[in-house]
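Student: If you scroll down you'll find the structure; I have some questions about it.
Just so it is clear, none of the values below were taken in a lab; they were calculated from the coordinates. Please read all numbers here as calculations on a predicted model, not as lab measurements. When we count neighbours, we look across all protein chains shown, and the Cβ atoms used for this are built from the backbone with ideal geometry, even at glycine.
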Amino acid sequence: VSSSTEPRLILGTAGHIDHGKTALVRALTGSDTDRLPEEKARGISIELGFAALDLPGVPRIGVIDVPGHERLVRSMVAGASGIDLVLLCVAADDGVMPQTREHLAICGLLGVERGVVALTKCDAVDAETLELARHEMRELLAGSALDGAADVPVSVRTGSGLAALRTCLAEVARSAQPRTPRSGPARLAIDRCFAVRGAGSVVTGSLIGAALTVGDALELLPGRERGRVRGLQSHGVPARRCEPGTRCAINLQGIERSALERGRVLAAPGALEPSAVFDVRLAWLETSPAAGPVVAVSLLLGTAERRARVAPIGSASFAPGWCGFARIHLTAEPLAALPGDRFVLRGFARTAHGGATLAGGEILDVAPPRRRRSDPGLLCDLERLARRDPRGDVVVRVTRSGMAGESRALLRRQTGLAPEMLEAVLAALVRDAEIAQTARGRSLATSSLAAIEARLLAALAGDHRDDPLCGRFAPAALCGSLPDNVRPDAAALALERLARRGAIVVDAEGVALARHRTALPAALREAVERVAARLAQAGLEPPSPRDLATQLGLEPRAIHALLAHLARAGRVLRAPGDLWFDATAVATLRERVRAHLSQRAQIATPDYKKLIGAPRRSAVPLMELFDAEGLTRRDGNLRRLRGPPHRVAATVQSERQL
Ligand SMILES: Nc1nc2c(ncn2[C@@H]2O[C@H](COP(=O)(O)OP(=O)(O)O)[C@@H](O)[C@H]2O)c(=O)[nH]1
Ligand SMILES: [Mg+2]
């Protein structure tokens, strides 16, 4: 008896027409998969058929019976796209035939590598013919996806070999790993849809990724119509929940019947982004003719079929047996896929094995960069993506996003990783300092962030050079100098890192290079010193900036920059009313005020003025300055000491982050 944690598996038939696939499925499962009257009348399978196979010691296996007709290879691929195991049927009286080869080749392209071979109709042949068929079949299998698979002679007429076949299938099922994903978003490529009176639309397919529960929201792709799961069935049995790896019938609510058709995909909302361009790992069959550089093909992916063009990456054309990377452009409607999805390419003429199947492979990138196919960087990324390791997948995508960075949502749609998995990978990459994350959760490669930092430092150095008297620059203006694709959160992160490293200082007034020493040109230095000297001389009765400029023969427009420069150096203090005092004079006064107020609790304004000993024009701003510094507190017409600790305005550094 199997436990519910064992993976569910789906088995598909394969083989030439009339080789006994449907009869064998019926013998194994009791279900007749030729349901259509036409199928019954003509004795051939036209549509995919479905059945349930119960074997000892393994969870119920979903069975897909495929048509063997040469013209129905697309249907075979649609069925085989969702399977984990294959039952290849070769009729003992007929031997290996064109679709035996083509179906086997398709299994290889789709990565279906576990299964059993049934030598069917063995009641119809003598031992010698059986041996011949078996020999032919063995030759075909050597080096193929099913190399080493068990073969079992069977007859549905006599029932011989059926028990052995069940044993073989159970063994393979017990040891096989699922071929299709059992993590990531729940999705189902629709292979059938129909209306049920009173229930609305029903679709069927092989569920992969994650489980589906009644009530779940689903999105139909491409197109993004939203709906909800009203009911579920697996093999005709109603269920509240279907596991990935099961055949699943979904009764849908909220999606028009007319929108539902084979080839479209139902998926967890927002989990997939339909695309018209894919970068792939491709195998060109030995039996396919040389072609290229661009080949018109039919792309079979999931249960969908699209006209497309395919071109190799890093080589000029396709040759028989060629393996490498390629780019596929769909010529019409996009498709929703994820990395790791398998596909088949078919041409429009028969090839050496009699079918039209040319090539197939695995999707590596559903959002390829706009780079040229000859770009070596592209090849390098694809080699990394081909390893199909979550960390490498994320690194390639984050690195490629450059200074723009990549959002979690996009990373999830591009990698197909489950959210927990993606978070774990991102956390590990942050820990190893390969990437960094902004406050808004965008990921940037450390190298891209370093590039932003370098630009900020260069811009800041330029600002200091252009305006040597201005000690601080507005962060917004500084970030404005970055390329357009740098988001504000990425710029903020870069500034934060520069500040943490001590490369820049950030305070309420702005940003400056930490190592920026105002190495002023001689003329400016001289002007600064003259202003400082004049203010020192004026003590508590400084001239207005305008008068100061006139007295010193300086440009009135330049005087504030000079004053601000002296203020940053702590040599002058700015009081309300645009009055600038010599810092030493204010310090002396400050001590007198403190001493006075520490003797008495308060001071009335007239007495305060006397204590300051300066005219009203200076006295009031000075009182306000001390209030602002936190030394004193105004109480109507009185001032009181605020009490320590107080901080002097000139040294107040804002902790405010950008
Ligand atoms: N003698 C004999 N005939 C068989 C056996 N299995 C299938 N057939 C016949 O072969 C024909 C094709 O079988 P079918 O299952 O429809 O083949 P499919 O096209 O591969 O699905 C039918 O007429 C079957 O009755 C068998 O074990 N012995
Ligand atoms: Mg059939």
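Student: Calculate the spin-label point distance for Arg557 paired with Glu526, positioning each point 7 Å from the Cα along the beta-carbon direction, and give it in nanometres.
Tutor: 2.2
Student: Using alpha-carbon positions, what is the distance between the centroids of the range 1-78 and the range 398-433, in Å?
Tutor: Using only Cα atoms, the two centres lie 40 Å from each other.
Student: Once amide H atoms are built 1.01 Å from N in the peptide plane, which residues 5 or more positions from Ala239, or in another chain, come under 5 Å H to H?
Tutor: Hits under the 5 Å cutoff: Leu232, Gln233, Ser234.
Student: Using the Cα centre of the chain as origin and beta-carbon charges of +1 (Lys, Arg) and -1 (Asp, Glu), tell me which of Pro59, Gly292, Ile435 is placed farthest towards the positive end of the dipole.
Tutor: It is Ile435, whose Cα lies furthest towards the positive end.
Student: So, R0 is 41 Å and r is the distance between the beta-carbons of Ala195 and Ala164; what FRET efficiency does that work out to, to 0.05?
Tutor: 0.45
Student: Rounded to whole Å and sorted largest first, what semi-axes of the equivalent ellipsoid does the C-alpha gyration tensor of the range 573-638 yield via the square root of 5 times each eigenvalue?
Tutor: The three semi-axes for the range 573-638 are 18, 13, 11 Å.
Student: Please report, in debye to the nearest 20, how large the charge dipole of the range 332-388 is about its Cα centre when each Lys and Arg carries +1 at its beta carbon and each Asp and Glu carries -1 there.
Tutor: 140
Student: Based on the alpha carbon coordinates of the chain, what radius of gyration and maximum Cα-Cα distance (Dmax) apply, in Å?
Tutor: According to the Cα coordinates of the chain, Rg and Dmax are 38.7, 129 Å.
Student: Name the aspartates and glutamates eligible as straight-distance cross-link partners of Lys609: C-alpha to C-alpha under 16 Å, and not fewer than 8 places from it in the same chain.
Tutor: Those aspartates and glutamates meeting the cut-off are Glu541, Glu591, Glu624, Asp627, Asp635.
Student: Could you give the angle, 0 to 90 degrees to the nearest 10, between helix 522-538's Cα long axis and the longest principal axis of the Cα atoms of the chain?
Tutor: Helix 522-538 sits roughly 50 degrees off the main axis of the chain.
Student: What is the extension gain from Ser481 to Asp466, computed as 0.36 nm multiplied by their sequence separation minus the C-alpha to C-alpha distance, in nm to one decimal?
Tutor: Separation in residues times 0.36 nm, less the Cα-Cα distance, equals 3.9 nm.
Student: Further, regarding this structure: Of Val156, Val229, how do they rank once you tally other Cβ atoms within 10 Å and put the fewest first?
Tutor: Val156, Val229
Student: For Lys121, go through the lysines and keep the ones whose alpha-carbon is under 30 Å away, minus same-chain ones fewer than eight residues off.
Tutor: List returned: Lys21, Lys40.
Student: Continuing with the same structure: Can you figure out the FRET efficiency of Ala296 with Lys40, using R₀ = 41 Å and their beta-carbon distance, to the nearest 0.05?
Tutor: 0.65
Student: Let me spell out the model: positive unit charges on the Cβ of Lys and Arg, negative unit charges on the Cβ of Asp and Glu, origin at the Cα centre of the range 557-637. What dipole size does that give, in debye rounded to 20?
Tutor: It works out to roughly 120 debye.
Student: Can I ask one more? From zero outward in steps of 10 Å, how is the percent of C-alpha pairs of the range 18-110 spread across the bins?
Tutor: Result, from short to long distances: 16, 51, 30, 3 percent.
Student: Something else about it: First select every other residue whose beta carbon is under 12 angstrom from the beta carbon of Arg42; then total the charges, Lys and Arg +1, Asp and Glu -1.
Tutor: Spelling it out: positives minus negatives among the neighbours equals -3.
Student: Sticking with this structure for a sec: R0 = 30 Å: FRET efficiency of Ala316 with Ala349, Cβ-based, nearest 0.05?
Tutor: So, using R0 = 30 Å, E works out to roughly 0.90.
Student: While we're here: Given charges of +1 on the Cβ of Lys and Arg and -1 on the Cβ of Asp and Glu, with all other atoms neutral, how large is the dipole of the chain about its Cα centre, in debye to the nearest 20?
Tutor: Dipole of the chain, to the nearest 20 debye: 3220 debye.
Student: In whole Å, what are the extents of the range 129-233 along the principal axes defined by its C-alpha atoms, from largest to smallest?
Tutor: That works out to 55, 32, 24 Å along the principal axes.
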